[in-house]
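J.: The structure under discussion is supplied below as structure tokens; questions concerning it will follow.
Throughout, read-outs are computed from the coordinates displayed, never taken from laboratory work. All figures in this text were calculated on a predicted structure; none of them were measured in a lab. With ideal geometry, Cβ positions are generated from the backbone for all residues, glycine too; neighbour counts draw on all protein chains shown.
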Amino acid sequence: MLEQTVDVTRLEGFVRYTRGIVRARLVLVALFVGLLVIYTPMRMTVFGLVELCVYGALFLATEVAQRHPDPITAFRRLRWQSIALVFLLSINACALAVKIRLIGQPIMRVEAALLAICVLLFAALRVHTGKISYLTAVAPPVATLLWIGFDRHTPLAANHYGAAMLLFVVAVLTATWRQQTTDRALAQALRDLARKNADLTEAVAEAKAASRAKSDLLAVASHEIRTPLNAVLGFAHALRRDTFLTPIQADLAQGVIEGGAQLTRLLDTVLDLTRVQAGQAALNPTAVDLRRLIRTVVRVWSAHAQAVGVLLSFEDADPGLAYGVLADEAKLEQTLVNLVSNGLKASPSGGAVTVRLAGMVKDQTLTALVEVRDSGALVPLEDRPRMFGAFEQTERGRSLGGSGLGLSICAANLALMGGEIGVEDVSEDEVQSGKAARRGAVFWFAFEAPVLAAPAAESATEASVAAPVRVLAAEDNPANRRVLAALLAASPVELVFAEDGARAVDAWRAEAFDLVLMDVNMPVMDGVAAVARIRQLETSAAEPRPRTPIWMLTANVFDDDVARYRADGADGVLRKPIDTVALFALLAQVAEAKAGVQRRVTA
């Protein structure tokens, strides 16, 4: 209905309305002129021809208004033109009705009244366009009908014809005047709806701009955080390989590596929130040792627990069960970290938080149950159903200063894995048996995952580089250059550094390299442009060269970024912070390929 309604308070709607009226009446007026030509003298036919001409002028006025450059001025001008032309149409038709009435025959009185009634009904439609237009249109036919209906020679009490005419006129005017109020309200509703639609469109555009700004901010934050984190983890990896470390020092270095790896996974999860909000979140299954993952989280958070006076411990309910599964390690870790963090916040000094792991294997599927028990406040029954909703704040959540997002993210993770999450009270038996320091809450989650044929390895080992390789590393950050140098110091790798993309291209042209590690964000020439330039020079007729493996070493690791790197000629991507296992695997692969080429040349 709304799309069929015309807003006559605007130029477009007024033109559509006027043209519709003109088209509909031109046919009727043409038929009426034909009847006049057949049955009346020529002086009567002139009135019909005038009527046709005025309707043509009204249609022409709408054409002129549509072509006017200023819609407001065009609307005002067309409105007054239509008032004048419709008034002329009404006067002309009423004049014809008067001429018919003056013929004097009784039947002519009826015909004149019928013509005036038609004019009144048509004129009453002007109520849609405004009060002035309505009054000027209906005034001539009203006066004509009253003149036809009332005869001065007939007493008013005996003039039933005149009384009926008066009643008809009053009924038409009353109905159409009330219709005017309804039409005005409808026009106002249309304007309000159009305004709200415009506001909604603007809000959608602002939301899209905000989403783009958020994505840009996340990309910048990802790069800026990964750059120093790369230095921390790189130096920790180099330090761990030092054979002169004491066991305590080696353990501390391992703790730095584990904490940095956990921070990297948390950063990946934050970047993944954009996909969750867009409904594009997906699992990334990898080999996970669930027991080792929980021990690592407990170890990383033990220092914080000790600082706040809370005992954080791990309880293995099934020590003989292997927990090597195929699951999304980042989402499991994020869920566990959220629950441990909330438990430490909720527990008072002197309390305890226990992470308990239990499981059962059936048909090569592990059903795992992880519980985080704290010594904090109980969760009322009425709050439990809404604890895991986004931005839902319970009394316990407000007391901990939460935002209402942590548990909702946990619930989203478990839903994606096909698992469950919930909360219960620590039982009285556990308190009495000493398993719990005091009454508190038990947050738990359970899920199923395929069991691996072999348990997940405790830690992946770095491959050895069997033959010397020459590596060109384009990196503008001094700390990252030191990290690479420290990591590769004990390996048969000759490193040549370039501080920007242009210098990297010059170095590649001057010497032969077995591998190029290319950063992305660099001054003078960025890494993507440098890769494209090297690929162009490799195929040029002037200086053709064998294809050199080029891997991007960057903190910009969004999916569309990786696709762009590969499209411009990169063979692969190493992400920052540097995954030393992946780096040495690549170096070993390059060394093996180089050795194979040398063997073939020797043969």
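J.: Hey, fewest Cβ within 10 Å first, where do I107, I294 land in order?
T.: The order, fewest Cβ neighbours first, is I107, I294.
J.: Please order K362, K576 by the number of other Cβ within 10 Å, starting at the fewest.
T.: K362, K576
J.: Tell me which residues come under 5 Å, amide H to amide H, from E315 once H is placed; ignore anything under 5 positions away on its chain.
T.: V355, R356, L357
J.: May I pose another question? For the stretch 8-78 and the stretch 126-149, what is the separation of their C-alpha centers, rounded to whole Å?
T.: So the separation of the two Cα centres works out to 18 Å.
J.: Got a sec? How would V496, V483, V601 order by Cβ neighbour count within 10 Å, fewest to most?
T.: In order of increasing Cβ crowding within 10 Å: V601, V496, V483.
J.: Can you give the three extents of the C-alpha atoms in the stretch 527-576 along their principal axes, from longest to shortest, in whole Å?
T.: That works out to 36, 15, 13 Å along the principal axes.
J.: Quick one: 3J(HN,Hα) in Hz for the stretch 586-594, Karplus 6.51/-1.76/1.60 with θ = phi - 60°, rounded, Gly and Pro as x.
T.: 5, 5, 5, 5, 5, 5, 5, 5, 5
J.: Same structure again: Hey, which lysines would be in cross-link range of K208, C-alpha to C-alpha under 21 Å, not counting anything within fewer than 8 residues on its own chain?
T.: Correct list for K208: K196.
J.: While we're looking at this one, here's another question. Just to confirm a number: summing +1 for Lys and Arg and -1 for Asp and Glu over residues other than T554 whose beta-carbon lies under 9 angstrom from that of T554, what do you get?
T.: In short, +1.
J.: Net charge around A97, counting only other residues with Cβ within less than 14 Å of its Cβ (Lys, Arg = +1; Asp, Glu = -1)?
T.: +1
J.: Next question. Rounded to the nearest 0.05, what FRET efficiency do R299 and D571 have when you use their Cβ-Cβ distance and R0 = 45 Å?
T.: Once rounded, the FRET efficiency stands at 0.75.
J.: Residues with amide H under 5 Å of D425's amide H, sequence separation 5 or more or different chain, H placed in the peptide plane at 1.01 Å from N; which?
T.: V442
J.: Considering the Cα positions of the stretch 2-149, please state its Rg to one decimal place and its Dmax as a whole number of Å.
T.: Cα-based Rg and Dmax for the stretch 2-149 come out at 16.3, 54 Å.
J.: What does the charge add up to near N480, with Lys and Arg as +1, Asp and Glu as -1, over the other residues with Cβ less than 15 Å from its Cβ?
T.: With Lys, Arg at +1 and Asp, Glu at -1, the net is -2.
J.: Further, regarding this structure: Please list, in order along the stretch 499-512, the HN-Hα scalar couplings obtained from phi with the Karplus expression 6.51 cos²θ - 1.76 cosθ + 1.60 (θ = phi - 60°), rounded to whole Hz, x for Gly and Pro.
T.: Result, ordered by residue: 8, 7, x, 5, 5, 5, 5, 4, 5, 5, 6, 7, 9, 9 Hz.
J.: Output wanted: per-residue J couplings in Hz (rounded whole) for the stretch 20-35, from phi through Karplus 6.51 cos²θ - 1.76 cosθ + 1.60, θ = phi - 60°, x for Gly and Pro.
T.: x, 5, 5, 4, 5, 7, 4, 5, 5, 5, 4, 5, 5, 5, x, 5
J.: In whole Å, how far is the Cα centre of the stretch 297-342 from that of the stretch 540-592?
T.: Using only Cα atoms to place each centre, the spacing works out to 35 Å.
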